[in-house]
Every structure is written in C-alpha cells, then in structure tokens.
Amino acid sequence: MGQTTADICQYLDSFAPRTLGEDWDNIGFLVGDREQPAAVVMTCLTITPEVVEEAIKEQVQLIVSHHPLPFKGLKRITTDTPQGHMLLNIIRNGICIYSPHSAFDSTAGGINAQLAAIMELSEVGVLCPSLENPQVGAGRYGKSRPTSLAELATQLKHSLRATSIGYVGAAEQAVDKVGIACGSAGEFLGAASAKGCNTFVTGETSFHTCLAAKATGVGLILLGHFASERFAVETLAAKLQKEFANLRIFASQQDTDPITRV
C-alpha cells in the first residue's frame, strides 16, 4: 500500500509540532481526505490561482503551503471570491492542503533556525522560547562574525536570491549580535533588543517600527516577506523527498513574489 496524506501529515506534525503554532494561526491539515493516496506532493509559500493551476497540471494530491488556506473562518465558499474559487477548484480536483506556518517558523530546523545558519550565527538562542520546550519557539538570535549592516544585507540578498533588500541604519554600522524573525514580524524588535541584539532581521514591518529601530540604534534588515520564507519551502520539499523517497515531491515554480521592484 502506498503513502497516504495522513502519513505525510503525521511526519509534518512531528517535525513542526502544532503546539508551537501561534494562537492566531490556522495550521495543520486544512482541506481534504487524510486517507487518500499522496503520490505527488508540492510545497509552496502561498496558494495562488497560478499555484492551483500548476498543482492540477502536475496531478498533485497534497499541497504543503506555508501560508494557510483558509486562514480565517469562512461563512461561505463560493466562486464570488478568489479564495472561494481556489478552494472549490482544489476540492474539485481532489487536492489536500496542509499548512505548518508559525510552527515551521519556530521549530528546530525551521525557518528562523535556517536563517541563523545562513548567517553563520554562533551561540544561537530562541527570542521567545516556548513554555513547553525552551529549546524552540518564536524567533532566533546569535552572535555574528564581524561585519557591517550593509555587508550583511548584501550577503542575505545573494543567499536568498532576493531582488532587493532594505535596511534601516548606517551602512557601516557594526553588526555583532543578530535577532531574526521571518515574515511580517516587527513586533519582535523589542525582544531582539532585550537580548542585546544590535541588528534585527525580518521580512517586512511597519514604517513606525522602522522609526523605532532607528531611534534605538538597532540596525534593521528587511528581506521582503517572500524572500524571508520562500527558500524554506524549497528545503522542506527536499526534506520530505528524503523521508518519502518513493513519492514525487517538489517546490512550486509558480509561487512568486507579488511585488515587482524597480
């Protein structure tokens, strides 16, 4: 008997336990039949109409999407909305959805831990440890090799294949201790500062958080939401392929940044 969706969900639950998810989040198995076969699996950052069409074309049976669909509660599912149209198309074609989202951000080997490894940080800790297991939780921080704010931003731009990266602070500002929180995570600036970080790396944040970083002298690097997380759905596809060698598992090629920068 081949693998079922339930087998893959069970593995994802063990790798990124749902107990690590934030209260506001909607994670885990979201759409479909757990007992259906899962011979073809696709990972993506976000489910879009283009990603749905790709999944149908490639005969995907399970989409592992970082961002949940649905995210918030729905009172109706109709073709009147883009979300409803996608969900109906997904269900009609027998495709399941699993989202690890904030649990994947926070788990050991998750997105923030991978970003810390990309920056080659040492003495890595957790910004906001889980009450159940302080070894994991939201965000990461660690000591950096001697570098400057502009140099670290440039390194990350190349490593994450980002089209552009913004930063707040002086280009030559020294970097020695870095806080990390992927996605839209400006609320962790204070936690990073409290850990003694003089630099904070996230995907995106508000104008006022940028002003707060500048006022407190903390260098802020904005990777872009897409660039801060997309790389990790590619590593997740490789991880799943290694675990389930008899399946076809790949990262979506239609999963793109909706923002064009000039």
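The values are calculated or read from the model by the stated rules, or taken from the named source; none is laboratory data. Please read all numbers here as calculations on a predicted model, not as lab measurements. Neighbour counts run over all protein chains shown; Cβ positions are idealised from the backbone, glycine included. We work out accessible area using only protein heavy atoms, side chains counted, and drop any ligands, DNA or RNA first. Shrake-Rupley method; radii C 1.70, N 1.55, O 1.52, S 1.80 Å.
Cβ separations smaller than 8 Å between residues 6+ apart or across chains give the following pairs from segment 240-262 residues that are within 17 Å of Ser65 (Cβ to Cβ) to residues that are basic (Lys, Arg) and open to solvent by 20 Å² or more (accessible area, probe 1.4 Å): Asp255/Arg230; Asp257/Arg230. Being touching a residue at least 60 places away in the same chain (Cβ under 8 Å) and not hydroxyl-bearing (Ser, Thr, Tyr) is a condition met by at least one residue of segment 213-222. The single residue among Glu172, Glu204 that is among the acidic types (Asp, Glu), within 17 Å of the chain's Cα centre (by Cα) and open to solvent by 60 Å² or more (accessible area, probe 1.4 Å) turns out to be Glu204. When Asn26 is tested against (1) open to solvent by 30 Å² or more (accessible area, probe 1.4 Å); (2) within 21 Å of Arg230 (Cβ to Cβ); (3) out of contact with any Pro (no Cβ under 8 Å at 6 or more places or on another chain), only condition (3) is not met. Any residue in segment 69-93 that's under 19 Å from Ala55 (Cβ atoms): show its pairings with residues that are aromatic (Phe, Trp, Tyr) and open to solvent by less than 90 Å² (accessible area, probe 1.4 Å) at Cβ separation under 7 Å, as long as the two are six or more apart or on different chains. Cβ pairs passing all conditions: none. Taking segment 190-221 as the range and being farther than 21 Å from Ser164 by Cβ and assigned to a helix (DSSP H, G or I) as the test, the residues that pass are Gly190, Ala191, Ala192, Ser193, Ala194, His208, Ala212, Ala215, Thr216. The single condition from (1) at pLDDT 95 or above; (2) open to solvent by 80 Å² or more (accessible area, probe 1.4 Å) that Asp255 fails is (2). Return yes or no: is Val41 over 14 Å from Ile249 (Cα atoms), touching a strand residue (DSSP E or B) at 6+ places or on another chain (Cβ under 7 Å) and modelled with pLDDT of 95 or more? Here the answer is no, as Val41 does not meet what is asked.
Close Cβ contacts (under 8 Å, 6 or more residues apart or on different chains) running from residues in segment 148-174 that are more than 17 Å from Gly217 (Cα to Cα) to residues that are assigned to a loop (DSSP other than H, G, I, E, B) and of a type in the set (Phe, Trp, Tyr) are absent.
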